[in-house]
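Worksheet for the structure shown next.
Any read-out appearing in this document is the output of simple, stated calculations on the displayed coordinates, not a laboratory observation. All values derive from a computational prediction rather than experimental measurement. Note that we place each Cβ from the backbone using ideal geometry, even for glycine, and neighbour counts take in every protein chain shown.
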Amino acid sequence: MTAALDRRALLRGAIALGGALIVPVAGARAQDATTAGAFQPSAFIRIDKDDVATIFLPKSEMGQGINTSIPMIVAEELDLDLDRVKVAFAPPGTTGKIWQSTGGSNSTQSTTAPLQDAGAKARAMLVQAAAARWGVPPEACATKDGKVLHAPSRRALAYGELVEAAARLPVPETAKPKAPQDYRLVGKPRRRLDAASKVDGSAVFGIDAAPAGVKVAAIIGCPVIGGTLRDVDAAPALAIKGVRKVVKLEAAVAVIADHTGAARAALTALAPEWNLGPNADQSHDDIVAALRDASLSPGLVAHETGDANAAIASAAKRVEAVYEMPFLAHAPMEPINCTAHVTKGGCDVWIGHQSPVQAREAAAKASGLPVEKVTLHNHVMGGGFGRKVEVDMVDQAVRIAMTVDYPVKLIWSREEDIQQDFYRPFYVDRLAAGLDAAGKPVGWTHRITGSSLIGRTFPSFLETSKGVDVDATEGSKTNYALPALRIEYVRKETAVRTGFWRGVGATHNSFVTESFIDECAHAAGADPAAYRRALIAEPRLLAVLDLACEKAGWGSPLAKGRGRGISVQSTWHTMMAQVVEIEVGADGTLKLHRVVCAVDCGQMINPQTVRAQCEGGIVFGLGAALREEITIAEGRVVQSNFSDYTPLRMNEVPVIETYLIENHEPSGGMGEAPTACVGPALTNAIFAATGKRIRQLPVAKAGFNLG
């Protein structure tokens, strides 16, 4: 069977099938808004009498800039300048058909159309209210700078003067959003609305939550994957000044104290006894060997065009390779945290979370309270990358808080954050291609082996796709016009718990396919860029390839030891090409000189944010490709902090140049694309400089280390 779903369809479908992700459209009705002295025609917009508009974000902010771009979408339709806009998070369960979970590079893609619609309807209602007051047709009125204007009579009314009248009107069934040629905000670079608060420290992250009377909790989980807590003597911890309580959980022990220092000291004083469970003898080599063995067996067909096996068998030349991608941690700068206060009447949770609806439901489950008795206060995040879509920290915080009568702020240590993560799966990929006499691919097979994130999080979708994980296979269809293509998926679970990571399936498949197409180009004796160009049928993808090559000086001479590598991708409805230029010393010392990134993400909302996403994603992806990996010994994660799980450091970051193609195509995603694209460009550059093909990440395993 061929899987018909892709990951994006999965995420949309979660609205309908996931239960926790769909709620009725919420928003104050006219009479409610009138009572409140405000105009709130939808869940996303409120205009007060003081002429200030509040935009309620249906997504979470974890650094990707949606607390500026989403208000820009609404303010554009309202003809309202951003200095008259306040931003707040929509409460869980109030965003209607907009999926409230943040991930899959989906924030702008999924919200643009409904928010344009909401803004256009609000504008129409304000115009209708003004026209009725003046006794003129609505068509004779216009809007500008937060006012309704009637040019013939030179009259104007500020929105704040119209809120009560507008709130009494029915929300129109339809309203026409602006045409792109009329945009005055969308597509123009704007400074982020949260920049000042992050500079002066007034921005409130989840870790900053401080309800009255709050105490701090530190925690340590069983170091062996799947192990549980047998017992712990609380006395040594309770002897430390400021320590309030020791709390036993199923697989962890926590200490509540007046401050973090006391909590951490008390945790160190404890000697928990663990039930190590069945994974205590698990080694990294054993896990990888099991995945390699599984990759030898045929898998479920995720996609098939033509007869790839037959085409390869009769081809003039055959190219084969096995690629491996490691387990990866998320390691956000803001470690895992959650604050909870449980009373007889309800539960309050303060957190920065990617899926506030699921976090609220987790709190309800842990506390035993109805979900309507749980209030979730969502905050900005200091990085998330998929880790903060999980709810384990909510469950822990609520269970700890249930043992006391005051709020408790649970903060994981960096070690706990890295060693108790949900890791990007380890993948083993087997590829083969058949080339004709001219070196052109006539058949391509790709077998993907790894654990199933969809099977863990959305098992019903695994049934719909006949067992094929649409995330693990995302981006594997390649960017190229191939006459015969077969993609298989082999599900192989390991003891390591896995989760969504920045780009997940596409980061792994981009690395594999863009590395392997480079191998085909080399086998054909062709220039890697020219080889790709001859196989790409999508004009927008060709355009970013050509732009990246032009700006990088592709083909111009390089000094000895230097190399350029290229990769292209079309994922998340975004077209991207990157060229990485590196230098390799005789001893394998690696220096990153330059990354050139060309992007077509359709209609840009805020180009400044697109550039920032490219830079941040490239840095994130380079760190992962160069030296990040999670390994296992005796069932335990070996890495523990940034000393042995080391992201790219500031002094190691190369020059990054970003070139944007402007158009009015539907907006694509930007949160993950740069991360997915840079890894293969890096390793292709290393091959160009040294002739050594890297098929296992991180690059450091092959002896190339940053100098």
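Things to note:
- Taking a ≥ b ≥ c as the square roots of the eigenvalues of the alpha-carbon gyration tensor, region 393-464 is classed prolate because a/c is 1.5 or more and a/b outweighs b/c.
- Across region 384-541, counting alpha-carbon atoms alone, Rg and Dmax equal 20.9, 76 Å.
- Multiplying the residue separation of residue 181 and residue 643 by 0.36 nm and removing their Cα-Cα distance gives an extension gain of 161.2 nm.
- Summarising the label geometry, the points placed 7 Å from Cα in the beta-carbon direction at residue 83 and residue 405 lie 5.1 nm from one another.
- Model label sites at residue 169 and residue 705, defined 7 Å from Cα along the beta-carbon direction, differ in position by 6.8 nm.
- Cβ-based charge dipole, region 293-432, positive-most Cα from 362, 309, 294: 362
- 3J(HN,Hα) along region 69-85: 5, 5, x, 4, 4, 6, 4, 4, 5, 8, 6, 10, 6, 5, 6, 10, 10 Hz, from the Karplus curve 6.51 cos²θ - 1.76 cosθ + 1.60 with θ = phi - 60°, whole Hz, x for Gly and Pro.
- Over the chain: helical MRE at 222 nm, DSSP H runs n ≥ 4 each giving -39500 (n - 2.57), nearest 500: -9500 deg cm²/dmol
- R0 of 45 Å, Cβ-Cβ distance residue 559-residue 198: FRET efficiency to nearest 0.05: 0.65
- Between 637, 582, 216, the Cα set farthest toward the positive side of the dipole of the chain (charges on each charged residue's Cβ, about the Cα centre) is that of 216.
- Here's the picture: a label point sits 7 Å out from the Cα of residue 286 along the beta-carbon direction, and within region 467-502 the residues with their amide nitrogen under 14 Å of it are 494-496.
- Efficiency of FRET from Cβ geometry, residue 343 and residue 235, R₀ 35 Å, rounded to 0.05: 0.75
- Potential lengthening between residue 142 and residue 268 on full extension [0.36 nm per residue; Cα-Cα distance subtracted]: 38.7 nm
- Over region 294-364, relative contact order from alpha-carbon pairs under 8 Å, at least 6 apart, %: 15 percent
- Report note on the peptides 162-168, 379-385: ranked by the mean count of other C-beta atoms within 10 Å, highest first, their order is 379-385, 162-168.
- Averaged over residues, the count of other Cβ atoms within 10 Å places the peptides 493-506, 650-663, 147-160 in the sequence 493-506, 147-160, 650-663, highest first.
- Of 248/373; 178/551; 86/215; 121/147, pairs whose Cα-Cα distance is over 27 Å: 178/551; 86/215
- Using the Karplus relation 6.51 cos²θ - 1.76 cosθ + 1.60 with θ = phi - 60°, the per-residue 3J(HN,Hα) values for region 159-175 come to 4, x, 6, 10, 4, 5, 5, 5, 5, 7, 7, x, 5, x, 5, 9, 8 Hz, with x marking Gly and Pro.
- Protection proxy ranking of 283-290, 69-76, 473-480 - average other beta-carbon atoms within 10 Å, highest first: 69-76, 473-480, 283-290
- Along each principal axis, Cα extent of the chain, largest first, Å: 79, 73, 49
- Computed FRET value (nearest 0.05) for residue 50 with residue 537, which takes r as the C-beta separation and R₀ as 60 Å: 0.65
- Extension gain (nm, one decimal) between residue 304 and residue 248, 0.36 nm per residue minus Cα-Cα: 15.0 nm
- Spin-label model distance (nm) - residue 259 vs residue 593, 7 Å beyond Cα toward Cβ: 5.2 nm
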